[in-house]
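No lab work stands behind these numbers, since they all come straight from the coordinates. Please read all numbers here as calculations on a predicted model, not as lab measurements. We place every Cβ from the backbone using ideal geometry, glycine too, and count neighbours over all the protein chains shown.
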Amino acid sequence: MRVKCLFFATYRDVAGAAELELELPENSTVSALVRHLRAQFATSALPTSPVVAVNQVYASLDTVLGDGDEVAFIPPVAGG
Amino acid sequence: MRVKCLFFATYRDVAGAAELELELPENSTVSALVRHLRAQFATSALPTSPVVAVNQVYASLDTVLGDGDEVAFIPPVAGG
Amino acid sequence: MFCLITADPIDPSQLARQVRRDADGAVILFTGVVRDHHAGRAVEALEYQAYEEMAVAVLRQICEEVRATHDVGDIAVAHRVGELAIGEVSVAIAVAAPHRDAAYSASREIIERLKREVPIWKRERYSDGGAEWLGGHD
Amino acid sequence: MFCLITADPIDPSQLARQVRRDADGAVILFTGVVRDHHAGRAVEALEYQAYEEMAVAVLRQICEEVRATHDVGDIAVAHRVGELAIGEVSVAIAVAAPHRDAAYSASREIIERLKREVPIWKRERYSDGGAEWLGGHD
């Protein structure tokens with residue numbers, strides 16, 4: 001299945017891109033995706049337990065992903 | 001000596017005027033002025049202990065008045 | 001600092017603009033507006049009366065005391081007098097500050113003190129024909 | 001209710017005007033402005049980045065929850081994205097209510113929750129040449 005990853009602020013600098021499409025095994029969790037990305041970027045700048053949103057709703061790391069899901073990686077917010 | 005009395009809101013209705021110049025004995029207090037006015041208006045609608053300002057500063061009833069003073073009678077305020 | 005009692009319509013956004021300095025990160029603008037009801041009665045219009053010279057002096061003192069006790073920048077206050085229709089601005093208070101905390105609490109303190117201390121009076125004209133001077137702050 | 005993330009300049013007074021209804025006696029307008037310093041460093045400009053679709057959704061949810069728990073009327077919120085100079089408006093929140101108490105506390109709750117929950121980020125560019133994404137709300 002394919003998922004779309006979105007990166008913001010410091011995470012965007014780490015990923016070197018605002019958006020990334022990835023092929024993942026069926027029923028992968030957010031945790032598995034995080035491990036995949038940390039290996040791919042070869043960096044610890046993406047934490048092992050980042051805040052994420054799945055399809056624009058804050059979600060836990062054990063959330064099971066589906067095909068076409070949009071997973072956003074959310075560094076500490078600082079609006080206002 | 002002469003003092004100028006100012007009336008606002010309900011007190012203006014009681015006094016029938018916004019302003020009134022009065023001749024008072026030297027060294028009259030605000031209390032004496034209040035008694036004078038209650039007798040003159042023949043009304044209890046002006047309380048015996050109204051809030052007053054002398055020369056635009058809140059003042060007590062035992063304040064001694066001087067020639068040319070401006071005494072304002074201040075019903076409960078309701079700005080905003 | 002700017003304190004005004006005026007018979008002309010108030011433009012709150014102008015007060016908000018005039019208080020901001022480059023060191024400020026927050027501006028709180030409180031606008032009091034004539035509403036169409038009070039204590040269950042339909043209101044048609046309001047009349048405000050002020051002891052103008054003293055009202056300005058008391059307002060200035062309140063603003064100075066608030067500036068001395070809060071970390072705020074500039075403050076502007078305007079209060080309307082005369083006849084006001086529903087929806088017209090009766091009072092506007094603009095407070096600028098480096099941080100929002102001080103701006104909120106200063107704004108709140110100014111409007112509370114204004115209602116208790118500034119010699120201004122309000123007469124409500126009701127849809128049922130009556131009219132009344134209000135007896136104190138709400 | 002009106003929640004907007006925009007790259008265009010924000011006009012706070014328009015938000016304040018649009019929320020008022022005839023039942024409202026108070027309008028609180030909070031304006032966040034780019035200030036010229038942060039934590040002792042001179043700031044030259046700010047960049048805001050947002051996860052726009054989600055930011056609007058979270059803002060809407062905050063406003064709906066605040067309306068459910070406070071006696072307020074309409075609410076309007078706008079947050080800017082992109083490059084902002086000193087003095088430019090980053091965020092504006094307008095809350096109208098029959099009484100000022102509810103307007104103040106609703107306004108305060110919205111800005112506090114916005115800073116904690118809405119996916120927006122801020123990068124400060126300093127006069128000494130550096131630049132930094134800020135790590136959390138202040």
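Rounded to the nearest 20 debye, the dipole size of the range C:38-96 about its Cα centre is 140 debye, using +1 on the Cβ of Lys and Arg and -1 on the Cβ of Asp and Glu. In the elastic network of chain C, a GNM with C-alpha springs shorter than 10 Å, the most mobile of C:87, C:32, C:40 is C:40. In chain A, the DSSP-assigned H stretches of four residues or longer account for a calculated mean residue ellipticity at 222 nm of -7000 deg cm²/dmol, using -39500 (n - 2.57) per stretch and the full residue count as denominator. Panel note: the C-alpha atoms of chain C, placed on their principal axes, show extents of 51, 25, 25 Å (largest first).
Comment: the Cα-to-Cβ extended label point of residue C:126, at 7 Å, lies 6.4 nm from its counterparts in the other copies, nearest first. From the largest down, the protein assembly as shown spans 99, 52, 30 angstrom on the principal axes of its Cα atoms.
Per 10 Å bin, what is the whole-percent P(r) computed from every C-alpha pair distance within the range C:93-134? Reading upward from the zero bin: 24, 31, 24, 16, 4. A full extension of the chain between residue B:31 and residue B:57 corresponds to an added length of 7.7 nm, given 0.36 nm per residue minus the alpha carbon distance. Evaluated on chain B, the Kirkwood hydrodynamic radius is 12.5 Å, with distances taken between all distinct Cα atoms.
On a straight-distance basis, which lysines could pair with residue A:4 in a cross-link, Cα separation under 27 angstrom, same-chain partners fewer than 8 positions away excluded? Counting by Cα, and skipping residues close in sequence, residue A:4 has these lysines nearby: D:115, D:122.
Note on the range A:2-80: dipole from Cβ charges, positive end direction compared against A:50, A:71, A:5; the farthest Cα belongs to A:50.
Can you give me the Kirkwood hydrodynamic radius for the range C:59-103, using every pair of distinct Cα atoms, in Å to one decimal? Mind dumping the intermediate values first?
Values: mean 1/r = 0.0836 Å⁻¹.
Computed over the range C:59-103, the radius equals 12.0 Å.
Determine Rg/Rh for the range D:61-138; Rg is computed over alpha-carbon atoms and Rh is the Kirkwood hydrodynamic estimate from the same atoms. Mind dumping the intermediate values first?
Working: Rg = 15.1 Å, Rh = 14.2 Å.
That ratio is 1.06, to two decimals.
Which of A:60, A:28, A:44 moves the most in a Gaussian network model of chain A with Cα springs under 10 Å? Top of the fluctuation ranking is A:44.
Computed from backbone phi, the HN-Hα couplings of the range C:43-58 come to 9, 9, 6, 10, 10, 9, 10, 9, 8, 4, 4, 6, 4, 5, 5, 5 Hz, rounded to whole numbers (Karplus: 6.51 cos²θ - 1.76 cosθ + 1.60, θ = phi - 60°; Gly and Pro given as x). Distance between the modelled labels on residue B:20 and residue D:8, one decimal in nanometres: 6.1 nm (7 Å Cα→Cβ projection).
Rounded to the nearest 20 Debye, what is the dipole magnitude of chain D about its Cα centre when Lys and Arg each give +1 and Asp and Glu each give -1 at the C-beta? Intermediate results must be reported in sequence, preceding the final value.
Working: 16 positive and 23 negative charges, 43 e Å.
Using only the charged Cβ atoms, the result is roughly 200 debye.
Here's the picture: charge each Lys and Arg Cβ at +1 and each Asp and Glu Cβ at -1 in chain C, and of C:107, C:5, C:51 the one pushed furthest to the positive end of that dipole is C:107. Taking other C-beta atoms within 10 Å as the exposure proxy, C:114, B:61 rank B:61, C:114 from fewest upward.
Here the dipole of chain A is about 260 debye; that uses its Cα centre as origin and unit charges on the Cβ of Lys and Arg (positive) and Asp and Glu (negative). Once Lys and Arg get +1 and Asp and Glu get -1 on their Cβ, which of D:120, D:94, D:134 lies farthest toward the positive end of the dipole of the range D:83-138? Value: D:94. Dividing the summed -39500 (n - 2.57) terms of all DSSP H runs of n ≥ 4 by the residue count of chain C sets its mean residue ellipticity at 222 nm at -10500 deg cm²/dmol. With respect to the symmetry axis carrying chain A onto chain B, which residue of chain A exhibits the smallest Cβ distance to that axis, and what is the value in whole Å? Residue nearest the A-to-B axis, with distance in whole Å: A:80, 14. Computed across the range C:1-82, the Kirkwood radius stands at 14.6 Å (inverse of mean 1/r, all Cα pairs).
When D:101, D:36, D:8 are sorted by how many other C-beta atoms sit within 10 angstrom of their C-beta, beginning with the fewest, the order is D:8, D:101, D:36.
What does the average come to when, for each residue of peptide C:28-41, you count the partner chain Cβ atoms lying within 10 Å of its Cβ?
Values: counts 7, 10, 9, 14, 7, 8, 3, 11, 6, 4, 2, 0, 0, 0.
Mean partner shielding for this stretch: 6.
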